[in-house]
1. Output the qualifying pairs, or none if there are none: Cβ atoms under 9 angstrom, residues six or more apart or on different chains, first residue in the range 112-136 and hydroxyl-bearing (Ser, Thr, Tyr), second residue in a helix (DSSP H, G or I).
2. Mind checking whether some residue in the range 165-173 is of a type outside the set (S, T, N, Q), modelled with pLDDT of 90 or more, under 17 Å from the mean Cα position of the chain (by Cα) and part of a helix (DSSP H, G or I)?
3. Hey, any hits in the range 200-221 for a residue that's modelled with pLDDT of 75 or more, of a type outside the set (A, V, I, L, M) and not in a helix (DSSP H, G or I)?
4. Within the range 57-95, work out how many residues are more than 15 Å from ARG37 (Cβ to Cβ) and among the hydroxyl-bearing types (Ser, Thr, Tyr).
5. Hey, can you tell me all the residues within the range 40-73 that are among the polar types (S, T, N, Q) and out of contact with any helix residue (DSSP H, G or I) (no Cβ under 6 Å at 6 or more places or on another chain)?
6. Working only within the range 81-94, note down all residues that are of a type outside the set (Lys, Arg), under 18 Å from the mean Cα position of the chain (by Cα) and within 26 Å of ALA119 (Cβ to Cβ).
7. Regarding GLU81, is this residue in contact with a strand residue (DSSP E or B) (Cβ under 9 Å, 6 or more places away or on another chain) and assigned to a helix (DSSP H, G or I)?
8. Looking at the range 183-207 only, could you name the residues that are out of contact with any strand residue (DSSP E or B) (no Cβ under 9 Å at 6 or more places or on another chain) and on the phi < 0 side of the Ramachandran plot?
Amino acid sequence: MGRVDAIAQSMAEAHALSTVEIPPMQDKVDPEEWKIRVDLAAAYRLVAYFGWDDLIFTHLSARVPGPEHHFLLNPYNLMFEEVTASSLVKVDMSGNPVEPTPFITNAAGFTIHSAVHMAREDAQAVIHLHTPNGQAVSAHGDGLMPLTQTAMLIRDEVAYHDYEGVAVDLDERARIIADLGDKSAMILRNHGTLAVGETVGEAFVKIYFLERACEAQIKALSAGHENVSNPPQGTPELSAQMGKASLKLGANLLAWPALLRKAYRLDPSFAT
């Protein structure tokens with residue numbers, strides 16, 4: 001092999017490693033499912049943009065229409081910045097792909113997400129993250145504290161689940177469901193954060209508020225507990241009442257449409 005041929009072969013091999021063949025799915029699913037796929041893929045790209053991803057690990061999911069409770073998960077071998085609407089894998093409640101796919105899924109991700117999708121009809125979308133700030137608060141004895149307005153708006157919606165090891169045991173699903181109850185967000189102790197919503201946009205905005213609250217708490221506590229200004233009595237409860245309705249309304253009508261436009265500006269390939 002000559003030098004030119006060797007260089008060409010090396011370039012071809014490098015290109016093969018830098019790209020993933022993703023079979024198009026738009027013509028194989030109904031328009032309603034395709035819209036959910038596009039929204040979920042946008043959420044993956046936005047998670048990467050905000051720096052909340054964890055290499056190829058952790059998951060965002062969304063249920064597709066139908067009585068089977070099938071839901072979409074990311075392929076296990078793609079970075080969040082690579083996820084597209086077509087690459088999302090549709091799985092059943094046993095974790096099996098519903099249709100042929102070249103991709104694989106993660107058992108730990110399936111356990112957590114299937115638990116929520118099984119139990120909560122309103123949990124159409126589930127977002128679970130492993131950010132440093134979310135993990136730090138999850139390891140804090142007081143959990144999420146009412147130190148900022150952002151925390152007060154979301155704090156009343158936050159449940160807690162104790163750490164049981166890497167979530168691959170399907171028996172843990174019942175305990176996740178019990179701990180979540182009717183809340184729309186959760187801190188998984190020593191693990192990370194989670195948010196649910198009736199839409200992908202609603203779940204995304206809730207996880208955004210939860211993550212921002214965690215980040216602010218870690219920064220505030222860096223000055224020491226004794227230097228923290230606690231809010232006046234009664235104000236956390238008042239803010240929580242406002243937050244429950246405003247987060248839902250603001251997410252669906254205002255914030256998510258704006259975020260979706262941002263995702264298209266960043267890289268419209270997510271919608272393929």
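The values are calculated or read from the model by the stated rules, or taken from the named source; none is laboratory data. Small disclaimer: the values here were computed from a predicted structure and weren't measured. With ideal geometry, Cβ positions are generated from the backbone for all residues, glycine too; neighbour counts draw on all protein chains shown.
1. These pairs meet every condition: SER114/ARG173; THR131/GLU211; THR131/CYS214; THR131/GLU215.
2. no
3. Step one: of the range 200-221, the residues modelled with pLDDT of 75 or more are 200-221.
Among the residues that remain, those that are also of a type outside the set (A, V, I, L, M) are: 201-202, 204, 206, 208-209, 211-212, 214-215, 217, 219.
Retained after the next criterion (residues that are not in a helix (DSSP H, G or I)): none.
So far as the range 200-221 goes, no, none of its residues is modelled with pLDDT of 75 or more, of a type outside the set (A, V, I, L, M) and not in a helix (DSSP H, G or I).
4. Of the residues in the range 57-95, 3 are more than 15 Å from ARG37 (Cβ to Cβ) and among the hydroxyl-bearing types (Ser, Thr, Tyr).
5. Across the range 40-73, the qualifying residue is only THR58.
6. VAL83, LEU88, VAL89, VAL91
7. Against the criterion (in contact with a strand residue (DSSP E or B) (Cβ under 9 Å, 6 or more places away or on another chain) and assigned to a helix (DSSP H, G or I)), GLU81 does not qualify.
8. none
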